[in-house]
1. Within the range 463-472, how many residues turn out to be under 30 Å from the mean Cα position of the chain (by Cα) and free of Cβ contacts under 8 Å to residues at least 60 places away in the same chain?
2. Only residues that are closer than 13 Å to VAL84 by Cβ and not aliphatic (A, V, I, L, M): list them for the range 31-53, please.
3. Answer yes or no: is there a residue in the range 221-244 that is under 21 Å from LEU141 (Cβ atoms), assigned to a strand (DSSP E or B), more than 30 Å from the chain's Cα centre (by Cα) and in the same structural domain as LEU139 (by TED's automatic domain parsing).
4. Please specify each residue of the range 31-48 satisfying the condition of being farther than 25 Å from SER195 by Cα and in contact (Cβ under 8 Å) with a residue 40 or more places away in the chain.
5. Does THR94 qualify as being within 24 Å of ARG257 (Cα to Cα), of a type outside the set (Gly, Ala, Ser) and in the same structural domain as CYS67 (by TED's automatic domain parsing)?
6. Looking for whichever is in contact (Cβ under 8 Å) with a residue 40 or more places away in the chain and at negative phi here; the options are LEU391, LEU403. Which one fits?
Amino acid sequence: VDISFASRSGSNELFHVILLNFLFYILDMCAAPGSKTAQLIEMLHADMNVPFPEGFVIANDIDNKRCYLLVHQAKRLNSPCIMVVNHDASSIPTLQIDNSGRKEVLFYDRILCDVPCSGDGTMRKNIDVWKKWTTQNSLQLHGLQLRIATRGVEQLAEGGRMVYSTCSLNPVENEAVIASLLEKSEGALELADVSSELPGLKWMPGITQWKVMLKDGQWFEAWKDVPSNRQTQIRPTMFPIKDEEKQKAMNLERCIRILPHHQNTGGFFVAVLIKKSPMPWNKRQSKLQRKLSQRTADISVSAAAAEDGAVEIVEEPPAAEDEETKESQHLLTVESEQSKKDGVCGPPPSKKMKLFGFKEDPFVFLSEDDPLFPPIQKFYALDPSFPKMNLLTRTQEGKKRQLYMVSKELRNVLLNNSERMKVINTGIKVWSRNSDGEQFGCAFRLAQEGIYTLYPFINARIINVCIEDVKVLLTQENPFLSKFSSETHKWVKDLAMGSIVLKYEPDPSKPDTLQCPVVLCGWHGKTSLRAFVPKNERLHYLRMMGVEVFKAKRKEEDFESKTEEGDQDNTKHMEEEMDMEHNELATKMEAEVDEEPIHELMESSVIEPENKMENVQPSSENAENRDIADLSSVKA
């Protein structure tokens, strides 16, 4: 059964998303394979009547190949508000946005920090944990987990929430990371009490005391007990805080531990952090600023001494290297500004960061006077409020084949950060170039992927269809107009050929029928209508309407096989009769000699229907070819 259109995940993954207590700008730091990202997107689009929600999800992963898996998951939800990037979460770049002509640092309202972990909480479903688990796994991951969590809170807006989670039960990966983060935040962070937000959930509070164990079985209660030769494997941040007042103020019991037997799930750990003020190291001067202030102080002291006649001031000329650096920085700034004016967001330069995987195509936004857009606007009678500046392509030169759309917030992020980040994918496809489209008035046909985003802005070429028409469109490849209702005939009568929107509105007086609206992309030919809907989405809609997809498919195959049998000539029937007579004669002759050959003949007679079914298969292929030929003739 194809379930690729549905979001499927465990209760622990949904739990993390609920605790984010949703808002606008969201960062998923370690997003692959993408089930939690999919849920974030679904929550962002809670109101289906709003095509562009005020917000976005930036989903990041360090593994380039897993990023494409993440794209596959996110693409199913057809959102213009998702961007997939490829960075190390512990050093994910700080982004900038344009706010009324002024550059500002982008801080996120919500961050999901589901860090890499040893996975010992998944022992029920993951048999490898039993074979490969050692205490060394947690010791090796602790430093990375702390760095990722630290980078996360740095990018969190004041008043924002960050959910830190693992599918591990080891305190070294859980409470130790949270305690260390709270300690060095100096009061900028606090653990939120979320027990009232999840009524009915069984859980245990976080622990405040634990020991650390090495692979060889040695236990240590405090950092002072660790011998010097083991201090590279065990770090001070892995131990509980000894100061009782500090530890009490941290409220580690607000952390949530879910054990496998509580809800018959996997085991996992969750902590919700709220940022009350900037992190202390962000308040302090940067190293460069301190050096400049120190140099200024030295110059002033030297000047005062020179006035006393004690020291002669000699200004050192700037090094040639500094001049070159300034010149190269100036060129980079000019290039980036020019690219931004042209609406081009290319991949980041290789010198600034180490890139892996494929080189991505640039993101090129349509200019205001692009000649590509007016024919589209006229053909579909787009509303004046349509945000055409949010349209982009992936080709800087040559013919544009696909048009994509992003939200205005993601456009802002793309235009101001093309040098800082590696974008794998963003936006949804809304139009595709059609080779035969120009003769019908528009070179671009609608794409099903972005139809729900586009539909509120389209005022022409919309056909209202009933539930029976929808079933015909989704079960037949290129149905003739005669198969549709009289109402549909009226809609189509005066409509020119080309790309169309097929809209189904539910009828409240018929509660047994599908009670949610459906919007499909289609094509109106001379004598036919067809829907351009991907297979998985097609099956999804049919199941919603109660159509037994596979049963209907079997009926079609049976009908084709009967038709094929009815079309066979008399010569073939005569040959089959002669073969049967020959087989009967052979059976009688062998029965007189021995009984075993009879069994062999019985087996061959059982296999015979399968062979007949195989002979039927080419006929269905021929039927499909005939449909394709009919379609091409209609388009022509």
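1. 0
2. Hits for the range 31-53 are PRO33, GLY34, THR37.
3. no
4. Once the filter is applied, which keeps residues that are farther than 25 Å from SER195 by Cα and in contact (Cβ under 8 Å) with a residue 40 or more places away in the chain, the range 31-48 yields ALA31, PRO33, GLY34, MET48.
5. no
6. From the options LEU391, LEU403, the qualifying one is LEU403.
Okay, residues lined up against (1) without any contact (Cβ under 8 Å) to a residue 24 or more places away in the chain; (2) outside any loop (DSSP other than H, G, I, E, B); (3) surrounded by fewer than 20 Cβ atoms within 10 Å (Cβ to Cβ):
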position: VAL430; (1), (2), (3): no, yes, no
position: ALA460; (1), (2), (3): no, no, yes
position: LEU474; (1), (2), (3): no, yes, no
position: GLU487; (1), (2), (3): yes, yes, yes
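Listed here are the residues, each with its yes/no results for (1) acidic (Asp, Glu); (2) out of contact with any Ser or Thr (no Cβ under 7 Å at 6 or more places or on another chain); (3) more than 23 Å from PHE440 (Cα to Cα); (4) assigned by TED's automatic domain parsing to the domain that holds ILE500.
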{"site": "PHE365", "(1), (2), (3), (4)": "no, yes, yes, no"}
{"site": "LEU372", "(1), (2), (3), (4)": "no, yes, no, no"}
{"site": "GLN377", "(1), (2), (3), (4)": "no, yes, no, no"}
{"site": "PHE386", "(1), (2), (3), (4)": "no, yes, no, no"}
{"site": "MET389", "(1), (2), (3), (4)": "no, yes, yes, no"}
{"site": "LEU392", "(1), (2), (3), (4)": "no, yes, yes, no"}
{"site": "GLU397", "(1), (2), (3), (4)": "yes, yes, yes, no"}
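The values are calculated or read from the model by the stated rules, or taken from the named source; none is laboratory data. Quick caveat, the model's predicted, so the values are computed rather than measured. Reconstructed Cβ throughout: ideal geometry from the backbone, glycine too, with neighbour counts over all protein chains shown.
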